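Some notes on the structure that comes next.
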Amino acid sequence: MAGAPGGLKRILPLRTAVSTSAGLASAAVNFLAAVEVAQLAAGRWAWVAIAVAGLLIVGAASNFAELSGMYPTSAAIRVWMGRALGDQVARVGSLVYASTVLLVMGADAFVLAKAFSQAVPGIPGMAVVAVLLGVISAANLRGIRIAGWIQDLNALALLATLVVFSALVLWHHPLAAPAAAAGPATGGFWQAVAVGVFIYVGFEWVTPLAEEFRDARAIPRGMLIALGVVALAFALFTAAIEALSPGAGALGQSLAPQLWVGREAMGGVGYWWMMAMTLTTAGTTFNGGLATASRFVYALARERTLPRSWARLNQHLVPGRALIGLTVLALAIAVVVVATARYQFLVNTGAAVESFMYAVSALLVIRLRRKEATRLRPYRAWGGTWAIAGFGVVYLFLGFGALTTGPSAVPWPLVVMGGLIGAALGYVRWGVPHLGAVRERTWGEPS
Amino acid sequence: MMREMEPPSNSESDLAAVLRAFCAACNQNPKLVAMNRDWERLVAILSPEGDRHWIRCQAGRLSWQPDEGGREPDLEVEAPRAILEAVFAGRMAPTDPYNRGDLLVRGQADDLLRLDIITLMVWGE
């Protein structure tokens, strides 16, 4: 619909779609997720699990591409769910979905703290996290955004590092050939695929940028290329872990496996290079998370789903309260995770939320094809209704797999996710109507 | 907060009149003029019914333009005519049609936020 005539001066190229999608998927916690995959998938099959997760994710990417093409808006999932499933469901879904940003930030904080504690034992890792979060939050409050190209550069540097370092490790420590007819334990393998989904989490957060691309095909193409690059980098990294520590035995106990891989690849230089990559990757996760989430909170407050004071802007036109609130929340999650070392439940909860959201994307495509059959679709998701529904069911199973995976007898991911959905449902059911009372007044009339 | 709108002339469409009044409202708001001092943009306002209008922001002041003057726009706002009229006349918050997918914007995210803030400052909560 929009943008038929003329051109726009400020538009983004395909390269930015690739680097943004890959960058959003490349969190520091992916290192630990890769180790978890290696443990679940019986070592040498881990890279296969990551590749299978990647192939499944391509189906979800195809769904997101169709939806984004129909409605290229930064409100993305909020709009698509609203049109297909109604406003209330869209509000609950958006709130739960947005919470994964905080989960990823908390998990990245943990990775950074542990890596720093290992590299520089004299300085508490949590202090580094607090300082980094504070600096990034303060910069955002002043309207200073880390330039997109810096984030993009960091993502590409990280993925290139993983490919090169992992290849060097595999060169020096070749993977043992699998025994004839040996395969992974089926249950563990599919749990590994479920956790493997987490490695790609965030690739679809490029869709809210759809308004900034002139070519509607940039988003689908960018997502697919990014998924391929991320799959290659982390499959190699997982294979390197397996080569160094079969079954992720010894490495499974490490909370900074990337430092080990860095040392094995290039000695001291590799170790400190990997430490620097961990720091900058966590930093870009914090920055991207705060910038995205604060804007999301602003939008929700503007529509009265959240208190309108959260939409208040400071003199730099930044939603300051939202930003500070999110920083405090992220810091609190980080403190709890670092203190308890229970990062795995964040990984699994994040993987579950995303898997369910991918299942929802299948439902949205099917519903909107029926409800809005004549709407222009610059890109159509692969397959007919049954194929898309089939992928949706697989994502559902993967989501449940992630929820029930973990060493604890208590399925904490299930508890956390149930709590998130319950809180969002209750809030939208009972909290939002009170805020909505303000909205009933005719907008624009003198107050 | 602006409440006085210029009466539309009989020779122009309702949407053009609404946009002219919107520009006038913005220009009467000193905070907005100060805020937009360095924001030079050309905004295209489009509708599926075939409306084509342009609003130019220069030196903090907004002006309605009947054509783009040979320039490429920085931002495009597209929605059915009724929604555009309601939003720019202050009868509807832009967030509502935006979140329903009825109002689409194309351009830089920061410009999009600025446009939202402008309507908020002109029409209030």
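Before moving on, here are some points about what is shown:
- For residue B:33, the conditions (1) of a type in the set (A, V, I, L, M, F, W, C); (2) in contact (Cβ under 8 Å) with a residue 24 or more places away in the chain; (3) touching a Phe, Trp or Tyr at 6+ places or on another chain (Cβ under 8 Å) all hold with the exception of (3).
- The range B:47-78 - residue that is on the phi > 0 side of the Ramachandran plot and touching an Asp or Glu at 6+ places or on another chain (Cβ under 9 Å) and, of those, farthest from the other protein chains (Cβ to nearest Cβ): B:59
- Tabulated pairs, the range A:171-182, first over 27 Å from residue A:262 (Cβ atoms), second modelled with pLDDT under 70 and in a loop (DSSP other than H, G, I, E, B), C-beta under 9 angstrom, 6+ apart or interchain: A:182/A:42
- Taken as a whole, the structure leaves residue B:86 outside the set of residues that are within 7 Å of another protein chain (Cβ to nearest Cβ) and of a type outside the set (S, T, N, Q).
- Residue B:33 passes every criterion in (1) part of a helix (DSSP H, G or I); (2) within 12 Å of chain A (Cβ to nearest Cβ); (3) open to solvent by 20 Å² or more (accessible area, probe 1.4 Å) apart from (2).
- Consider the range A:328-339 and keep the residues that are open to solvent by 20 Å² or more (accessible area, probe 1.4 Å) and among the small types (Gly, Ala, Ser). The one that is nearest to the other protein chains (Cβ to nearest Cβ) is A:332.
- Of all the listed residues (A:282, A:265, A:291, A:233), the sole one being closer than 28 Å to residue A:138 by Cβ, touching a Leu at 6+ places or on another chain (Cβ under 6 Å) and assigned to a helix (DSSP H, G or I) is A:282.
For every residue, the table says whether it meets (1) at pLDDT below 85; (2) of a type in the set (S, T, N, Q); (3) open to solvent by 70 Å² or more (accessible area, probe 1.4 Å).
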{"residue": "A:136", "(1), (2), (3)": "no, no, no"}
{"residue": "A:146", "(1), (2), (3)": "yes, no, no"}
{"residue": "A:151", "(1), (2), (3)": "yes, yes, no"}
{"residue": "A:158", "(1), (2), (3)": "no, no, no"}
{"residue": "A:165", "(1), (2), (3)": "no, no, no"}
{"residue": "A:184", "(1), (2), (3)": "yes, no, no"}
{"residue": "A:188", "(1), (2), (3)": "yes, no, no"}
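- Those residues of the range A:391-428 which are exposed (fewer than 13 other Cβ atoms within 10 Å of the Cβ) and either among the basic types (Lys, Arg) or within 30 Å of residue A:36 (Cβ to Cβ) (or both), in sequence order: A:393, A:407, A:408, A:409, A:410, A:418, A:419, A:422
- Selection count, the range A:295-327, where residues are within 18 Å of residue B:108 (Cβ to Cβ), away from chain B (no Cβ under 11 Å) and either at pLDDT 85 or above or open to solvent by less than 40 Å² (accessible area, probe 1.4 Å) (or both): 0
- Checked against the criterion of being among the charged types (D, E, K, R), within 11 Å of chain A (Cβ to nearest Cβ) and either out of contact with any strand residue (DSSP E or B) (no Cβ under 9 Å at 6 or more places or on another chain) or open to solvent by 40 Å² or more (accessible area, probe 1.4 Å) (or both), the range B:11-30 contains not a single residue that satisfies it.
- Test for residue A:361: is it crowded, with 22+ Cβ neighbours inside 10 Å, modelled with pLDDT of 85 or more and assigned to a helix (DSSP H, G or I): yes
- For the range B:1-28, residues that are modelled with pLDDT of 90 or more and outside any helix (DSSP H, G or I) total 1.
- Of all the residues in the range B:68-100, those that are at pLDDT below 85 and touching a strand residue (DSSP E or B) at 6+ places or on another chain (Cβ under 7 Å) number 2.
- Out of B:46, B:42, B:84, one residue alone is surrounded by 22 or more Cβ atoms within 10 Å (Cβ to Cβ) and closer than 20 Å to residue B:27 by Cβ. It is B:84.
- Across the range B:96-115, the qualifying residues are those that are open to solvent by less than 30 Å² (accessible area, probe 1.4 Å) and charged (D, E, K, R), and the one among them that is farthest from the other protein chains (Cβ to nearest Cβ) is B:111.
- Those helices (runs of 4 or more DSSP H) lying entirely in the range B:55-125 with at least 1 residues touching a residue at least 60 places away in the same chain (Cβ under 8 Å): B:81-88, B:109-123
- In the range A:73-104, the residues that are open to solvent by 20 Å² or more (accessible area, probe 1.4 Å), touching a residue at least 24 places away in the same chain (Cβ under 8 Å) and not in a helix (DSSP H, G or I): A:74
The values are calculated or read from the model by the stated rules, or taken from the named source; none is laboratory data. Keep in mind that this is a model prediction, so the values were computed, not measured. Here the Cβ is made from the backbone with ideal geometry for all residues, glycine too, and neighbour counts use every protein chain on show. The accessibility values were calculated without ligands, DNA or RNA, using every heavy atom of the protein model including side chains. Shrake-Rupley method; radii C 1.70, N 1.55, O 1.52, S 1.80 Å.
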